[in-house]
Amino acid sequence: MDRDVTDQELPLLSDEQMASFVARGFLRFDAAVPEDINAQFMTEAGEPPEATAGRKLYSAYGEFLAKNAIPEIAPGTALYEAYPRGGAVERLLGLPLVRGALRSLLGEDPIFDHHFLHVTFPTRYHEAQGGENVSQHTHQDSTIDPRLSFDVQVMYYPHAVTREMGGTRFIPGTHLRKVSEVALGRYQNIRGQQHMVCEAGALLFLHHGIWHGGGVNRSDRTRAMFKIRMRASGSQKRQWAARHHPRAESQRPIFYLKRTPPQDTVAAILMRPEPWFEQDTGRLEFLNRIKLWRYLTDDPTFDADYWMTRVENGVTA
Amino acid sequence: MGQGRQNVLVLYLANSALDSPVIGWARYNGAGATRHMSGDSDDPPYASGLDALRDGWRLIQASQLLPHARGEEFDLAYLKYEFFFEQWIET
């Protein structure tokens, strides 16, 4: 861990980055992890055994996970005490960018939930056991989760991922929907879906609810992605570099506009639709984003484009 | 089995009208060797449900429009406008 950066000096997320996370459910940082940590991680993770005819792929996978240097950790452990000092993951979690983002999203002292090394095998592994090489069904992790607060999942890409290798597929803006894990597996493709193609050292910070799945690996090498889930131990309110004071912000004109409004304000970011939005429920997505922003800013009066004001008018009459 | 195979197309539309835009899609082929799967295309096969009809797909199921339960009006879960189509391929 980088002990030279104090909590006061952490590069916290901006209002605009937080608003984007609230609206889209993810933040992506390319080239966030230096090459020496990526190389150390790949050494600690090890190489899965080569495909062997007749050998069950997932039993070989399990043996590989059991033997590598990534530790077993109990849920509920303090995140920054969970990993061995000097190990690749401990060093990754000590990067100022990572600490600043986690502090902004989760507040002080996040708690470890679980981690996993996701390895996606090329076709020859599947053929060796007579199986089929297919992508993972799109799903939401864990189970139905009706909270307004959220956990964060960090996805770490320790080596370059090409489109041929598949990459994690995720659909921006799906995180506020309350669904039951892979019940949505039928949705093969959704407009606006993204595939995580990147150089080594990329990080995704995800809201726990975002819909995602592993892409099929058509290359000739295995693909690895390391995921850590973590939760807050205290307040998540205004933990970032919050400058935004919603009460001081007047409503921007809507519908009948003389000119294109600024696109970089918190309201504009929260009101930006995704390509997959249904025409009616897209508006409910806006309402749910406003509710989450109210929660995080601790301001129950915040509104954008009058969506909440309109439906709340007269509710106490 | 019989002398044919079923291909299935599922379209998710932007509203309940069949001529509204496609926002999501899935394909399952009982005929032929093409294996569709999650994440296999970023562009929809048709612009609308109507375009699928015009290309010979037969609509076999459409999602219902249901009232919104009191207290849950703003809750969102699954995609709302789901249309199942089929093609019967003689073999």
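The values are calculated or read from the model by the stated rules, or taken from the named source; none is laboratory data. Here the structure is a predicted model, which means the values were calculated and not measured. Here the Cβ positions follow ideal geometry from the backbone for every residue, glycine too, while neighbour counts run over all protein chains shown.
Per-structure values
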quantity: First in the stretch B:64-80 and more than 10 Å from chain A (Cβ to nearest Cβ) and within 22 Å of residue B:25 (Cα to Cα), second anywhere and among the polar types (S, T, N, Q) and in a loop (DSSP other than H, G, I, E, B), Cβ under 6 Å, 6 or more apart; calculated: B:65/B:16
quantity: Boolean, residue A:235 is under 22 Å from the mean Cα position of the chain (by Cα), away from chain B (no Cβ under 11 Å) and surrounded by fewer than 17 Cβ atoms within 10 Å (Cβ to Cβ); calculated: yes
quantity: Subset of the stretch B:42-60 that is more than 25 Å from residue A:275 (Cβ to Cβ) and not in a loop (DSSP other than H, G, I, E, B) - its residue that is nearest to the other protein chains (Cβ to nearest Cβ); calculated: B:60
quantity: Filter pass, residue A:182 being touching a strand residue (DSSP E or B) at 6+ places or on another chain (Cβ under 8 Å), within 13 Å of chain B (Cβ to nearest Cβ) and either within 17 Å of residue A:29 (Cα to Cα) or not in a loop (DSSP other than H, G, I, E, B) (or both); calculated: yes
quantity: Subset of the stretch A:264-294 that is over 19 Å from the mean Cα position of the chain (by Cα) and among the aromatic types (Phe, Trp, Tyr) - its residue that is farthest from residue B:23 (Cα to Cα); calculated: A:286
quantity: Selected residue (criterion: farthest from the other protein chains (Cβ to nearest Cβ)) from residues of the stretch A:274-299 that are touching a residue at least 40 places away in the same chain (Cβ under 8 Å) and under 20 Å from residue B:82 (Cα atoms); calculated: A:274
quantity: Index of the failed condition, residue A:219 passing every other in (1) touching a Ser or Thr at 6+ places or on another chain (Cβ under 6 Å); (2) in contact (Cβ under 8 Å) with a residue 60 or more places away in the chain; (3) surrounded by fewer than 24 Cβ atoms within 10 Å (Cβ to Cβ); calculated: (1)
quantity: Count of the stretch A:135-175 residues which are surrounded by fewer than 20 Cβ atoms within 10 Å (Cβ to Cβ) and assigned to a helix (DSSP H, G or I); calculated: 2
quantity: Any hit, the stretch B:19-41, residues being in a loop (DSSP other than H, G, I, E, B), within 12 Å of another protein chain (Cβ to nearest Cβ) and acidic (Asp, Glu); calculated: yes
quantity: Every residue from the stretch A:185-207 that is within 13 Å of chain B (Cβ to nearest Cβ), buried (at least 24 other Cβ atoms within 10 Å of the Cβ) and within 15 Å of the chain's Cα centre (by Cα); calculated: A:193
quantity: Hits in the stretch A:29-44 (condition: surrounded by 18 or more Cβ atoms within 10 Å (Cβ to Cβ) and in contact with a strand residue (DSSP E or B) (Cβ under 6 Å, 6 or more places away or on another chain)); calculated: A:32
quantity: Residue satisfying condition, being among the acidic types (Asp, Glu) and either farther than 24 Å from residue A:179 by Cβ or in contact with a Leu (Cβ under 9 Å, 6 or more places away or on another chain) (or both), within set B:19, B:42; calculated: B:19
quantity: Test result for residue A:52, within 20 Å of residue A:124 (Cα to Cα) and β-branched (Val, Ile, Thr); calculated: yes
quantity: Odd one out for residue A:143, checked against (1) under 24 Å from residue A:46 (Cα atoms); (2) hydroxyl-bearing (Ser, Thr, Tyr); (3) within 14 Å of chain B (Cβ to nearest Cβ); calculated: (1)
quantity: Counted residues, the stretch A:4-16 - those being under 14 Å from residue A:98 (Cβ atoms) and modelled with pLDDT of 95 or more; calculated: 3
